[in-house]
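Here is the structure we will look at.
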Amino acid sequence: MAKTNIIAGLDVGSGKLTCVAAAQDFETNTLRVEAAASVPCKGLRAGVVLDIRETSMAAVSLLTAVEKECGKDIGALFMGVRGSHLESFTNHGTYNISRADKEITINDMQLAIENAKAIPIKNDNEIINVIPQSFTIDKEKGILNPEGMEGSLLEVDVHITTGSSAHLNNLTKAIQKPGYRVDGTFYGLVPLADMVLTQEEKEIGSMLIDLGGESMSVGIYIDGVLRFSRDIPFGCDLITSDIARLLHTPRQNAREIKEKYGVAFPVFLEDDGEIPVPTLDGRATHNVKKSFVLDIIQPRVEELFEEVKKVVDRSGYKDFPVVGILSGGGSAMPGMTNVCVNVLGLREVRAGSVSREAIIGDERFFDPQYSTALALVAYASQRGLYEEFNKASFEQKTGMISKLGKIFKGVDIFGN
Ligand SMILES: Nc1ncnc2c1ncn2[C@@H]1O[C@H](COP(=O)(O)OP(=O)(O)OP(=O)(O)O)[C@@H](O)[C@H]1O
Ligand SMILES: [Mg+2]
């Protein structure tokens, strides 16, 4: 029996689908990226399906291209969703251990988590992810894994993400229509933050900012656990719009100028040479100085981070993060980290990519545009979700999966 299979992560972005596929090798305990691709999708806007047929067609072309590059079929598919219909919050659950032995079991943990899930959610919404943050045993706080410890009162804080059932069903339908099966759905920020931040950063207090095209996402980790997450419904495409408007050039050219010459902070301006800018009708070009482009970009980037700051200020955790980590396409622009330090008042900001300890592969797969899809694969694999969905496919259970523990339906008990 084969000891490898293909796990795919599908990142549903604002106007595109991105997929990364990796081979899980159960003999060597490695997860190796084999393929990555992305396709534009007109059937999506801000992570919501506007047209099932268009979205299905985009999914088929993407997933078949990825399967072709791997030379194998996808064995398990995990989907990462975004969008302003998603809401995240924290809740508290308790469970009394009335047995004589008082030794806490995974079942007790699950029951405490179940109680924390008992929250009023909007009629047409459903819970997507429940991530236990930390447990308390008899008022002793900050316990990450209480299994085997003794106590009478077990409490848990959980991070819950809910989303519109209709939007989620439409997405699943669009992917499954052509014959693929969605094995799990996550709020994309959750695996991304988990895989990009180091354990030290999670402990010390850190903020992940995912700079996408039409959206930005913010996640805050404190004391090792995810405390806050939120999507903001606009992103780095606004920089493109500003360049297009102020330089009188088509959006496509504006985007190219941004990605090729754009910097967000003056020290990254290597020279003040001129850039050729096509006119709106495409018949001629005019030249502008690189510093002029910087003067367009910098105020917009400052404004984007001001919006992030507003969200963080309202989160209840504004004084906690000391470091920032940027990801997503926008993080590729030189100077982003400098503006972020200045606006958010963080001690240090870096551009991050998915940890090479979690997943290995050619350098090109670690480009920021693939980060969420890559993180989805690594997250699902590390937490044994892959095995959960494919039990029948493998005779041999390996250390890599079993040491990370059991996964309950929709609840990742080691999801800190
Ligand atoms: N080298 C670069 N320099 C500056 N900006 C870049 C660069 N590469 C990509 N971008 C910008 O990053 C944005 C796209 O980021 P990403 O690929 O993470 O988006 P997405 O996941 O599709 O969008 P969203 O997260 O909004 O759904 C676009 O605005 C793009 O122009
Ligand atoms: Mg994205």
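Every number here is computed from the coordinates shown, using simple stated rules; none is lab data. What you see is a predicted model; the values in this text were computed from it and never measured. Cβ sites come from the backbone with ideal geometry, for glycine too, and all protein chains shown count toward neighbours.
If packing is taken as the average number of other Cβ atoms within 10 Å across a peptide's residues, how do 160-171, 240-251 rank, most packed first? Provide the component values of the computation, followed by the final result.
Values: 160-171: 19.2, 240-251: 17.3.
Peptide ranking by packing, descending: 160-171, 240-251.
Fewest to most neighbouring Cβ within 10 Å: what's the order for Val288, Val49?
Exposure proxy ranking, most exposed first: Val288, Val49.
Quick check: Cα centre of segment 148-166 to Cα centre of segment 50-119, how many Å?
Here the two parts' Cα centres lie 14 Å apart.
Please list, in order, the residues from segment 295-334 whose amide nitrogen is less than 17 Å from a point placed 7 Å along the Cα→Cβ vector of Asp272.
Those under the cut-off are 295-298.
Please say if the chain is rounded, prolate or oblate, where rounded means a/c under 1.5 for a ≥ b ≥ c the square roots of the C-alpha gyration tensor eigenvalues, and otherwise the choice is prolate for a/b larger than b/c and oblate otherwise? Kindly include the intermediate steps, with their values, before the conclusion.
On the way: a/c = 2.00, a/b = 1.47, b/c = 1.36.
Judged from the Cα gyration tensor, the chain comes out prolate (a/c at least 1.5, a/b above b/c).
Once you put a point 7 Å from the Cα of Phe292 and another 7 Å from the Cα of Arg181, both along the Cβ direction, what distance in nm separates them?
About 5.8 nm, to one decimal.
Quickly rank 56-66, 195-205 as a protection proxy: mean count of other C-beta atoms within 10 Å, highest first.
On the way: 56-66: 19.8, 195-205: 18.3.
Result, highest mean Cβ count within 10 Å first: 56-66, 195-205.
Subtract the Cα-Cα distance of Asp223 and Ala284 from 0.36 nm times their separation in residues, and report this length gain in nm to one decimal. Mind showing how you got there, number by number?
On the way: separation 61, 0.36 × 61 = 21.96 nm, distance 5.62 nm.
Computed gain between Asp223 and Ala284 is 16.3 nm.
If R0 is 41 Å, what FRET efficiency do you get for His92 and Arg32 from their C-beta distance, rounded to 0.05?
Numbers: r = 40 Å, r/R0 = 0.98.
Once rounded, the FRET efficiency stands at 0.55.
First measure r as the distance between the Cβ atoms of Glu114 and Leu144, then evaluate 1/(1 + (r/R0)^6) with R0 = 22 Å and state the FRET efficiency to the nearest 0.05.
For Glu114 and Leu144, the calculated efficiency is 0.70.
As a check on your grasp of the helix formula, calculate [θ] at 222 nm for the chain: sum -39500 (n - 2.57) over DSSP H runs of n ≥ 4, divide by the residue count, round to the nearest 500. Walk me through the intermediate numbers first.
Numbers: 12 runs with 135 residues, N = 416.
About -10000 deg cm²/dmol.
Of Lys122/Lys202; Lys141/Lys318; Lys260/Lys289, which sit over 20 Å apart, Cα to Cα? Mind showing how you got there, number by number?
Working: Lys122/Lys202 31 Å; Lys141/Lys318 22 Å; Lys260/Lys289 14 Å.
Cα-Cα > 20 Å for Lys122/Lys202; Lys141/Lys318; rest within.
Along Cα→Cβ, 7 Å out, is where each label goes; now give me the distance between the ones at Thr198 and Glu126 in nm to one decimal.
4.0
Post the alpha-carbon centroid distance, segment 310-333 to segment 196-257, in whole angstrom.
That distance is 9 Å.
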